[in-house]
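Have a look at the structure below, then the notes.
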Amino acid sequence: MKDQPLLDVEGLTKRFGDRTACQGVSFALWPGEVLGIVGESGSGKTTLLNLVAGRLAPEAGTICFRLGAGRVVDLARLPETERRRLLRGEIGFVHQNPRDGLRLTVSAGANIGEPLMAAGARHYGTIRNAARAWLQRVEMEEGRIDDLPTTFSGGMQQRLQIARALVSEPRLVLMDEPTGGLDVSVQAKLLDLLRRLVADLHIAAVVVTHDLGVARLLAHRLMVMQRGAVVESGVTDQVLDDPQHPYTQLLVSSVLAA
Amino acid sequence: MSAGYNFAYLDEQTKRMIRRAILKGVALPGYQVPFAGREMPLPYGWGTGGIQVTASIIGPEDRLKVIDQGADDTTNAVSIRRFFAKTAGVATTTRTSEASIIQTRHRIPETPLRAGQIMVFQVPIPEPLRWLEPRESVSRRMHAETDYGSMHVKLYEDIARLGRISTAYDYPVMVNGRYLMRPSPIPRFDNPKLDRSPALMLFGAGREKRIYALPPHTPVKSLDFEDHPFAIERWTERCARCGSNTSFLDEIVVDDRGTRRFICSDTDHCAERRA
């Protein structure tokens, strides 16, 4: 089973009108692996993530996902009912803006507990304890369990969102610019946290970012996208230190040296 | 019965349309059936949905009881009862046991219902998921997929903030293990009366134009947590008029010094106990 990919994407294509957002994208992801997707804005990174998450329907291509029991399903063809039933808790999503991924009108504890309740947890004490444990895990004060997310800082909201995405122990996490819009020191701490959680829980992750620094820290492998197509992919250090494609070379050379 | 109106105010085609919606609702317990709600000669929020349902099912042989906040003598109850006495010429009553149709807002009578009786509820907001999901397209999909796990978030919040489930009325229920349903603003005290009731329960929402139903003997379960089970409210006081300590009590301030009395909310039940 170890040599079987968790996610196998083949020839994924998505158009918006006559514009192509994704053109024949293929990649595979193994359990415990972090794949980074970099590229400038408008290159189709987020569309690709949304396709894998099932928020968009592709025009062509397959998204084969290996379920816990070893069964492989094509997410692109799966009827919605099946999709919801099979994927409940299997795939987590972290939005760039924590407000998109959180329920702002209910407390932090309820935000973390909701995926558990959605998966059928009906014991208040258990849910509460899980919420406490996860607050600790994302380095937040337990005492804030009953506070509303709107009273948190941007970095804390993002931590909360990560806790919510991971509490059901998904096997795949999709992250869209998880550190975007945060100041540098908060970013660094968050990256540290993400790296540790992903390694501890042995989660596979796809991280979309336009920040090559984030990609270098988090991703094992890297995919470079330009105008909806993958122009280069490989081991992160290799892609960043020895870029082959002219566009990748441009990306790497445009990073300001600190 | 006054001339100039069709029997029970609505025209026959409208009544047929509403009956079709009711039949569909009965066939799918707890499912909200859209219907082409009509303008009624009273404002939304005063029971336009309930009146349309009653108008569609009432016949000359029926005996109608209307209650508002458990009472037969409040404005809304009196005017709706008169409306049907006038437009349908039906007999009316305040006695639960004598009524064949009971239109209600807020309460289910304390007197146990029997087979053959029909309860008609006036519903302000039929969608139990509305607070959680403002988009109708999404909430309908959630119903279709029985995707109700997040409903417990509300109960979680209650316990986290107050130590107990504080939702006191309109307490969400699962109908026949399939559809999540809002029982209209009845106190949670009345929720157990919905479960496997021998009477037919019809729910009409006029503004939102939805009808739903509980056929007799339908299992109805109130949402709860394993470690915080559903429970109805209890009073340490007794009714100041009839002495009951098992019925739903209203707390009434009777003077300017804040003196309180507790009185049965169900006036018919109270009067019967005193008789």
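Of all residues in the range B:223-260, those being among the hydrophobic types (A, V, I, L, M, F, W, C) and under 19 Å from B:ARG188 (Cβ atoms) number 8. The residues of the range A:136-156 that are within 24 Å of the chain's Cα centre (by Cα) and of a type in the set (Asp, Glu) amount to a single one, A:GLU139. Would you check if A:ALA130 is without any contact (Cβ under 8 Å) to a residue 60 or more places away in the chain, among the hydrophobic types (A, V, I, L, M, F, W, C) and not in a helix (DSSP H, G or I)? Taking the combined requirement at face value, the residue does not satisfy it.
Being of a type in the set (Ser, Thr, Tyr) and more than 14 Å from every other protein chain (Cβ to nearest Cβ) narrows it down to one residue among A:SER153, A:SER168; which is it? Step through it out loud before you land on a result.
Numbers: A:SER168 fails: more than 14 Å from every other protein chain (Cβ to nearest Cβ).
Matching residue, one of A:SER153, A:SER168: A:SER153.
Scanning the range B:153-175 for residues that are more than 12 Å from chain A (Cβ to nearest Cβ), surrounded by fewer than 18 Cβ atoms within 10 Å (Cβ to Cβ) and touching a strand residue (DSSP E or B) at 6+ places or on another chain (Cβ under 8 Å) yields a count of 2.
Just checking: which of the helices (runs of 4 or more DSSP H) contained wholly in the range B:136-244 hold 1 or more residues that are of a type in the set (S, T, N, Q)? Full working, then the answer.
Values: elements: B:136-144, B:152-162, B:191-194.
Passing ranges, in order: B:136-144, B:191-194.
Select from the range A:122-135 the residues that are over 21 Å from the mean Cα position of the chain (by Cα) and crowded, with 21+ Cβ neighbours inside 10 Å and write down the one among them that is nearest to the other protein chains (Cβ to nearest Cβ). Checked the range A:122-135; the qualifying residue nearest to the other protein chains (Cβ to nearest Cβ) is A:TYR124.
Can you tell me which residues in the range B:133-164 are within 22 Å of the chain's Cα centre (by Cα) and farther than 18 Å from A:GLU80 by Cα? Listed by number, the residues that qualify are B:MET151, B:LYS154, B:LEU155.
Pick from A:LEU48, A:LEU35: which is assigned to a strand (DSSP E or B) and closer than 20 Å to A:HIS95 by Cα?
A:LEU35
Here are some residues: B:ARG161, B:ARG178, B:ARG196. Which one is touching a Gly at 6+ places or on another chain (Cβ under 7 Å) and among the basic types (Lys, Arg)?
Result of the check over B:ARG161, B:ARG178, B:ARG196: B:ARG178.
Within the range B:137-152, residues that are within 27 Å of B:ASP227 (Cα to Cα) and more than 8 Å from chain A (Cβ to nearest Cβ) reach partners that are surrounded by 15 or more Cβ atoms within 10 Å (Cβ to Cβ) and among the hydrophobic types (A, V, I, L, M, F, W, C) with beta carbons closer than 6 Å, at six or more positions or on different chains, in the pairs B:MET142/B:LEU129; B:TYR148/B:LEU180. Among the candidates A:GLN161, A:GLN96, the residue that is in a loop (DSSP other than H, G, I, E, B) and more than 14 Å from chain B (Cβ to nearest Cβ) is uniquely A:GLN96. Taking the range B:78-118 as the range and being assigned to a loop (DSSP other than H, G, I, E, B) and closer than 18 Å to B:SER265 by Cα as the test, the residues that pass are B:THR93, B:THR94, B:ARG95, B:HIS106, B:ARG107, B:ILE108, B:PRO109, B:GLU110, B:THR111, B:PRO112, B:LEU113.
The rows are residues; the columns are (1) among the polar types (S, T, N, Q); (2) free of Cβ contacts under 8 Å to residues at least 60 places away in the same chain; (3) assigned to a helix (DSSP H, G or I); (4) farther than 23 Å from A:SER153 by Cα.
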{"position": "A:GLY180", "(1), (2), (3), (4)": "no, no, no, no"}
{"position": "A:ASP200", "(1), (2), (3), (4)": "no, yes, yes, yes"}
{"position": "A:ALA215", "(1), (2), (3), (4)": "no, no, yes, yes"}
{"position": "A:GLY234", "(1), (2), (3), (4)": "no, yes, no, yes"}
{"position": "A:GLN238", "(1), (2), (3), (4)": "yes, yes, yes, yes"}
{"position": "A:LEU250", "(1), (2), (3), (4)": "no, yes, yes, yes"}
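Applying the criterion of being aliphatic (A, V, I, L, M), in contact (Cβ under 8 Å) with a residue 60 or more places away in the chain and closer than 13 Å to B:PHE84 by Cα to the residues of the range B:1-39, the residue that is surrounded by the most Cβ atoms within 10 Å (Cβ to Cβ) is B:ALA8.
Among residues of the range B:220-238 that are over 20 Å from B:PRO183 (Cβ atoms), those with a Cβ under 7 angstrom from a residue that is assigned to a loop (DSSP other than H, G, I, E, B) and of a type in the set (Ser, Thr, Tyr), sequence gap 6+ or separate chain, pair up as B:ARG238/B:SER244. In contact (Cβ under 8 Å) with a residue 12 or more places away in the chain, over 24 Å from B:PHE189 (Cα atoms) and among the polar types (S, T, N, Q): is that true of B:SER79 in this structure? So B:SER79 passes the test. Note on the range A:104-121: among residues that are more than 7 Å from chain B (Cβ to nearest Cβ) and closer than 22 Å to B:THR146 by Cα, the one that is farthest from the chain's Cα centre (by Cα) is A:ALA121. With the condition kept exactly as written, say whether any residue in the range A:53-65 is closer than 29 Å to A:SER153 by Cα and not hydroxyl-bearing (Ser, Thr, Tyr). There is at least one residue in the range A:53-65 that is closer than 29 Å to A:SER153 by Cα and not hydroxyl-bearing (Ser, Thr, Tyr). Residues that are of a type in the set (Gly, Ala, Ser) and surrounded by 16 or more Cβ atoms within 10 Å (Cβ to Cβ) were ranked within the range A:181-228; the one that is farthest from the chain's Cα centre (by Cα) is A:GLY228. Out of curiosity, is A:VAL186 more than 24 Å from A:TRP30 (Cα to Cα), assigned to a loop (DSSP other than H, G, I, E, B) and of a type in the set (A, V, I, L, M)? Considered against the rule, which asks whether it is more than 24 Å from A:TRP30 (Cα to Cα), assigned to a loop (DSSP other than H, G, I, E, B) and of a type in the set (A, V, I, L, M), A:VAL186 comes out as no. Scanning the range B:45-77 for residues that are touching an Asp or Glu at 6+ places or on another chain (Cβ under 9 Å), outside any helix (DSSP H, G or I) and not polar (S, T, N, Q) yields B:GLY47, B:ARG63, B:LYS65, B:VAL66, B:ILE67, B:GLY70, B:ALA71, B:ASP72.
Considering B:SER222, B:SER197, which residue is of a type in the set (Gly, Ala, Ser), within 14 Å of chain A (Cβ to nearest Cβ) and over 21 Å from B:ILE51 (Cα atoms)? Talk me through it step by step, then tell me what you get.
Details: B:SER197 fails: within 14 Å of chain A (Cβ to nearest Cβ).
Step by step, each of B:SER222, B:SER197 is checked, and only B:SER222 is of a type in the set (Gly, Ala, Ser), within 14 Å of chain A (Cβ to nearest Cβ) and over 21 Å from B:ILE51 (Cα atoms).
Restricting to the range A:187-198, count the residues that are in contact with a Leu (Cβ under 8 Å, 6 or more places away or on another chain) and touching a residue at least 40 places away in the same chain (Cβ under 8 Å).
In the first step, residues of the range A:187-198 are kept if they are in contact with a Leu (Cβ under 8 Å, 6 or more places away or on another chain); the result is A:190-191, A:194-195, A:197-198.
With touching a residue at least 40 places away in the same chain (Cβ under 8 Å) added as a condition, the list becomes A:197-198.
Summing the residues that are in contact with a Leu (Cβ under 8 Å, 6 or more places away or on another chain) and touching a residue at least 40 places away in the same chain (Cβ under 8 Å) in the range A:187-198 gives 2.
Throughout, read-outs are computed from the coordinates displayed, never taken from laboratory work. Just so it is clear, the structure is predicted and the values come from calculations on it, not from any experiment. Cβ atoms come from the backbone with ideal geometry, glycine included; neighbour counts cover every protein chain shown.
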